[in-house]
Amino acid sequence: MCELSAQDQRIVRYLRERAASGHEYFRSRQIADALDLSAKQVGARLGRIADTADDIDIERWGRSKSTTWRVRSSH
């Protein structure tokens with residue numbers, strides 16, 4: 001994995017844990033609330049993380065009130 005900021009690493013850890021327990025779809029707002037960030041911060045970071053994280057696949061899945069992301073383990 002490329003070097004990620006501390007906030008990026010927190011988001012990746014959160015997504016890894018949830019994906020490992022069977023969750024696959026996440027809203028930016030849900031992640032933001034869990035990590036005390038704004039949905040805008042999460043959305044901007046997830047786009048970058050999706051390009052650099054090698055152990056999870058992050059795909060923008062849809063938009064409604066908040067962007068939905070599909071997250072799966074690459075292993």
Exercise. D for the chain, whole µm²/s, Stokes-Einstein with Kirkwood Rh over alpha-carbon pairs at 37 °C and 0.692 mPa s: what number?
Worked result: 273 µm²/s
For this session: Compute the length gained on full extension between Ser21 and Gln9: take 0.36 nm times their separation in residues and subtract their Cα-Cα distance, giving the result in nm to one decimal.
Result: 2.5 nm
Problem set entry | Extension gain from Ser38 to Asp51, taking 0.36 nm per residue of separation minus the Cα-Cα distance | 2.6 nm
For this session: Using Cα pairs closer than 8 Å and at least 6 residues apart in sequence, work out the relative contact order for segment 6-73, in percent.
Result: 36 percent
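Values quoted throughout were computed directly from the atomic coordinates according to the rules given, and no laboratory measurement underlies them. Note that this is a predicted model, so its numbers are computed, not measured.
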